[in-house]
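The values are calculated or read from the model by the stated rules, or taken from the named source; none is laboratory data. The structure presented is a predicted model; accordingly, all values stated were derived computationally and were not measured. Quick reminder, even Gly has a Cβ in these numbers, built from the backbone with ideal geometry, and neighbours come from all protein chains shown. Remember, those area values only see protein heavy atoms, side chains included, never the ligands or the DNA or RNA. Shrake-Rupley method; radii C 1.70, N 1.55, O 1.52, S 1.80 Å.
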Amino acid sequence: MNRREEILLAALDVFAERGYTGASIAAVADRVGLSQQGVLHYFPSKDRLLAEVLRLRDERGLDVIALPGEQGRITLDTVASIVEWNTERRGIVQSFTVLSAESVLEGHPAAEFFRERYGSARAWMAEVIRAELGDALPGGVTPEQAAPLLFAAMDGLQLQWLLAPDEIDMPALFRAFLALLGAAPKPE
């Protein structure tokens, strides 16, 4: 692992523990045994560090999305596998939860990142839903309506799992939600 990546991973932990506003370059520097100037040599500002942390987080998270679904495409089962995989990545899930919630604050440096991320994610999820379940979902819900609901379920389950990991079976509950949409649950 190179020094830049070491700093990014330390920053990911610090942002997850303290949020963006509570995190400091000094705390990140302390974790990697550098001075603040040493960290600023690699990342000229806290905002730039956050942007790179978010990019790294998505890069690492997309490892699973890159797995082919049926016939080389992403399916709802692939998405359910991501939810399951996230139970092994508490720190990554925690950082995403903290930073995405904090990004709603006016002027937050990650606001645009999360707006764009959720916008593109809703679009591809609607296509995944349409390809697998068609346009006729229970209750007359369209794939475009179901996509943000699916992300709301994922994000809400992540938050509840972080608070009560022994009580919330995130993968099973997510598969139950998919069943409500009409997707056949995969046997466990």
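Note on region 146-188: residues that are of a type in the set (G, A, S), in a helix (DSSP H, G or I) and open to solvent by 40 Å² or more (accessible area, probe 1.4 Å) total 3.
State all residues of region 1-55 that are outside any helix (DSSP H, G or I) and surrounded by 15 or more Cβ atoms within 10 Å (Cβ to Cβ); if no residue qualifies, say none. Walk me through it before giving the result.
In the first step, residues of region 1-55 are kept if they are outside any helix (DSSP H, G or I); the result is 1-2, 23-24, 33-35, 43-45.
Those that are outside any helix (DSSP H, G or I) and surrounded by 15 or more Cβ atoms within 10 Å (Cβ to Cβ): A23, L34, F43.
Screening R130 against (1) surrounded by fewer than 18 Cβ atoms within 10 Å (Cβ to Cβ); (2) part of a helix (DSSP H, G or I); (3) without any contact (Cβ under 8 Å) to a residue 60 or more places away in the chain; (4) within 15 Å of the chain's Cα centre (by Cα) leaves a single unmet condition, (4). On the basis of being in contact (Cβ under 8 Å) with a residue 24 or more places away in the chain, acidic (D, E) and under 15 Å from L180 (Cβ atoms), does E102 make the cut? No; evaluated as a whole, the condition is false for this residue. Kindly establish whether P143 is open to solvent by less than 50 Å² (accessible area, probe 1.4 Å), in contact (Cβ under 8 Å) with a residue 12 or more places away in the chain and over 25 Å from I92 (Cβ atoms). Criteria met by P143.
Residues that are of a type outside the set (S, T, Y) and either modelled with pLDDT under 90 or open to solvent by less than 30 Å² (accessible area, probe 1.4 Å) (or both) within region 100-111 comprise E102, H108, P109, A110, A111, listed in sequence order. All of (1) modelled with pLDDT under 90; (2) open to solvent by less than 70 Å² (accessible area, probe 1.4 Å); (3) within 12 Å of the chain's Cα centre (by Cα) hold for T78 with one exception: (3). Surrounded by 12 or more Cβ atoms within 10 Å (Cβ to Cβ), modelled with pLDDT under 90 and outside any helix (DSSP H, G or I) - does that describe any residue in region 56-67? Looking for residues that are surrounded by 12 or more Cβ atoms within 10 Å (Cβ to Cβ), modelled with pLDDT under 90 and outside any helix (DSSP H, G or I), one finds at least one in region 56-67, hence yes.
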